[in-house]
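Questions regarding the structure given below will be posed in turn.
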Amino acid sequence: MWTVYQMQWKRLIKNPLFVLLFSGLTLLMVNVIAGSQGSDTIPVRVYSETFTAEQLADRVEELNHNASFDFIPAEADKVRKDIRMDNYSFALELNDDAYQYLVGRESSQLPIVEQYVNQFYREKKIINEVKKLHPEREVKLKETISFDVSSLSTFGSGITNISVMLGMTFYFSIYSIMFLMTKLFEEKTYGTWNRLIFSPVSKTRIYIGHLLFYFSIGVIQIFTLLIILSQMLSIKISGHYLTLLLIILAFILSIVSLGILLTALAKSISALQVVIPILATSMAMIGGAFWPLQLVDNPILLFAAELMPIKHAVYGIVETLIYNKSLLNSLEPIGYLLLCSVLFMGIGINLMERATE
């Protein structure tokens, strides 16, 4: 077993192109897609007809205490011109005790801004009324109840970045594992596999040696990329580490098993090289590795997504991170991935054994 395992590593060291290429593509694609998501901060242009520049700057500084918004002071004439040119959808005009919006077109961000600004002015009004009743005292608004809130923004640039990171990492790991498994098909074609099977070494050790190598490649590639990408995107992964580990290991095992099945079914090396990218891309697209499945409303596609191992891996990890799921509550994706592994592996090895006979 270990002889077969070491032989595969020596072969990879001589030609590591596939693994390095797909690892590099993962880093590139995740950074491009995650970088295009934009910022979570909502920019709001602010102007005033009554405030001086200094007063406007002070009021904007107060509004910017909330990190979810970026209030940007601007001149009234420039704001009106930008609204007419459709450079942005709305702007906020501030007065001492009132405010209003200059709207050029509808925006989904306007209700969010309105809720915050309205609360800000209501608090200012309460403070001013209390000051009138007690002019000799200093009045400050204090929170009587504080909440420790954890939201999706805790995960770096948002939960989308986590989905992109996991989806792309798993997607290109499918390529790495399966293209390396074409060497197994070459061994079958050139007769090397038959010589191994009929050697004194047991079939079990030969199979385990090969499967352990492909499994190790998947583990090293996925965990290395997740560590690098989580640092690059400032994503903090915390939660039930055992659950996350088991989901990833179960996914790798399912892909290795699928590779065995494809190797057993393929009639030629060229056919296998054509099927791998088609299958990997189809699984990723249908399984939600490229975009959220919430955007899909076709029941047939949603049913097909439930059959994809990559869907259960990505969404199993995302749900564990969001809802802090325990191992017991995450048994469904792990169980499905293990079921796929047993099914693919059983059929694949059975077909390979028939071909050998």
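The values are calculated or read from the model by the stated rules, or taken from the named source; none is laboratory data. All of these numbers come straight from a predicted model, not from anything done at the bench. Cβ placement follows ideal geometry from the backbone for every residue including glycine, while neighbour counts extend to all protein chains displayed.
Anything in the range 234-254 that is farther than 21 Å from Met345 by Cα and polar (S, T, N, Q)? List them, or say none.
Across the range 234-254, the qualifying residues are Ser234, Ser238, Thr243.
Residue-by-condition table, conditions (1) hydrophobic (A, V, I, L, M, F, W, C); (2) out of contact with any Leu (no Cβ under 6 Å at 6 or more places or on another chain):
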position	(1), (2)
Tyr171	no, yes
Phe179	yes, yes
Glu187	no, yes
Gly191	no, yes
Ile206	yes, no
Leu212	yes, yes
Phe215	yes, yes
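Which number in (1) over 22 Å from Tyr323 (Cα atoms); (2) touching a residue at least 40 places away in the same chain (Cβ under 8 Å); (3) among the β-branched types (Val, Ile, Thr) marks the one condition that Val274 misses?
The number of the failed condition is (2).
Any residue in the range 320-336 that is among the β-branched types (Val, Ile, Thr) sitting within a Cβ distance under 6 Å of a residue that is in a loop (DSSP other than H, G, I, E, B)? List the pairs, counting only those 6 or more apart or interchain.
Thr320/Gly239
Regarding Val19, is this residue in contact (Cβ under 8 Å) with a residue 60 or more places away in the chain, within 30 Å of Lys203 (Cα to Cα), assigned by TED's automatic domain parsing to the domain that holds Leu184 and β-branched (Val, Ile, Thr)?
For Val19, the condition - in contact (Cβ under 8 Å) with a residue 60 or more places away in the chain, within 30 Å of Lys203 (Cα to Cα), assigned by TED's automatic domain parsing to the domain that holds Leu184 and β-branched (Val, Ile, Thr) - is met.
Now for a separate question. State yes or no: is Gln231 at pLDDT 85 or above and either polar (S, T, N, Q) or surrounded by 14 or more Cβ atoms within 10 Å (Cβ to Cβ) (or both)?
Considered against the rule, which asks whether it is at pLDDT 85 or above and either polar (S, T, N, Q) or surrounded by 14 or more Cβ atoms within 10 Å (Cβ to Cβ) (or both), Gln231 comes out as no.
Then there's this: Could you tell me how many of the residues in the range 201-259 are assigned to a loop (DSSP other than H, G, I, E, B) and either within 30 Å of Met352 (Cα to Cα) or under 17 Å from the mean Cα position of the chain (by Cα) (or both)?
Counting residues in the range 201-259 that are assigned to a loop (DSSP other than H, G, I, E, B) and either within 30 Å of Met352 (Cα to Cα) or under 17 Å from the mean Cα position of the chain (by Cα) (or both) gives 9.
Here are Leu244, Leu249: which of them is over 22 Å from Leu12 (Cβ atoms), touching a residue at least 12 places away in the same chain (Cβ under 8 Å) and touching a helix residue (DSSP H, G or I) at 6+ places or on another chain (Cβ under 9 Å)?
Answer to the selection: Leu244.
Continuing with the same structure: Run Lys236 past the list (1) surrounded by fewer than 20 Cβ atoms within 10 Å (Cβ to Cβ); (2) modelled with pLDDT of 90 or more and report the number of the one that doesn't hold.
If we test Lys236 against (1) surrounded by fewer than 20 Cβ atoms within 10 Å (Cβ to Cβ); (2) modelled with pLDDT of 90 or more, just (2) comes out false.
Quick check: anything in the range 267-283 of a type in the set (Ser, Thr, Tyr), touching a helix residue (DSSP H, G or I) at 6+ places or on another chain (Cβ under 6 Å), assigned to a helix (DSSP H, G or I) and within 15 Å of Tyr171 (Cα to Cα)?
No, the range 267-283 contains no residue that is of a type in the set (Ser, Thr, Tyr), touching a helix residue (DSSP H, G or I) at 6+ places or on another chain (Cβ under 6 Å), assigned to a helix (DSSP H, G or I) and within 15 Å of Tyr171 (Cα to Cα).
Which of the following residues is at pLDDT below 90 and more than 30 Å from Thr182 (Cα to Cα): Asn31, Asn87, Asn15?
Values: Asn31 fails: more than 30 Å from Thr182 (Cα to Cα); Asn15 fails: more than 30 Å from Thr182 (Cα to Cα).
On inspection, the qualifying residue turns out to be Asn87.
In the range 34-55, is there at least one residue being at pLDDT below 90, within 30 Å of Ile177 (Cβ to Cβ) and not polar (S, T, N, Q)?
Checking the range 34-55: at least one residue is at pLDDT below 90, within 30 Å of Ile177 (Cβ to Cβ) and not polar (S, T, N, Q).
What is the residue count in the range 40-56 for residues that are surrounded by 13 or more Cβ atoms within 10 Å (Cβ to Cβ) and over 19 Å from Glu114 (Cβ atoms)?
Total satisfying the criteria: 3.
Since Ala98 meets every condition but one in (1) surrounded by 14 or more Cβ atoms within 10 Å (Cβ to Cβ); (2) within 30 Å of Val117 (Cβ to Cβ); (3) of a type in the set (A, V, I, L, M), which condition does it not meet?
The single condition Ala98 does not satisfy is (1).
Next question, about the same structure. Please work out which residue is modelled with the highest pLDDT, limiting yourself to the range 284-307 and to residues that are outside any helix (DSSP H, G or I) and surrounded by fewer than 21 Cβ atoms within 10 Å (Cβ to Cβ).
Leu307
Which is among the polar types (S, T, N, Q), on the phi < 0 side of the Ramachandran plot, at pLDDT 95 or above and assigned by TED's automatic domain parsing to the domain that holds Leu184, of Ser254, Ser326?
Values: Ser326 fails: at pLDDT 95 or above.
Exactly one of Ser254, Ser326 is among the polar types (S, T, N, Q), on the phi < 0 side of the Ramachandran plot, at pLDDT 95 or above and assigned by TED's automatic domain parsing to the domain that holds Leu184, namely Ser254.
Report whether or not Gln6 is assigned to a loop (DSSP other than H, G, I, E, B), at pLDDT below 80 and not hydrophobic (A, V, I, L, M, F, W, C). Break it down stepwise before answering.
Numbers: assigned to a loop (DSSP other than H, G, I, E, B): no; at pLDDT below 80: yes; not hydrophobic (A, V, I, L, M, F, W, C): yes.
It is false that Gln6 is assigned to a loop (DSSP other than H, G, I, E, B), at pLDDT below 80 and not hydrophobic (A, V, I, L, M, F, W, C).
What number of residues within the range 70-123 satisfy the criterion of being among the small types (Gly, Ala, Ser), farther than 18 Å from Ala53 by Cβ and touching a residue at least 12 places away in the same chain (Cβ under 8 Å)?
4
Residue-wise test of (1) among the aromatic types (Phe, Trp, Tyr); (2) closer than 22 Å to Ile255 by Cβ; (3) over 12 Å from the mean Cα position of the chain (by Cα).
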{"position": "Phe290", "(1), (2), (3)": "yes, yes, no"}
{"position": "Asp297", "(1), (2), (3)": "no, no, yes"}
{"position": "Leu301", "(1), (2), (3)": "no, yes, yes"}
{"position": "Val314", "(1), (2), (3)": "no, yes, no"}
{"position": "Thr320", "(1), (2), (3)": "no, yes, yes"}
{"position": "Tyr323", "(1), (2), (3)": "yes, no, yes"}
{"position": "Pro333", "(1), (2), (3)": "no, yes, yes"}
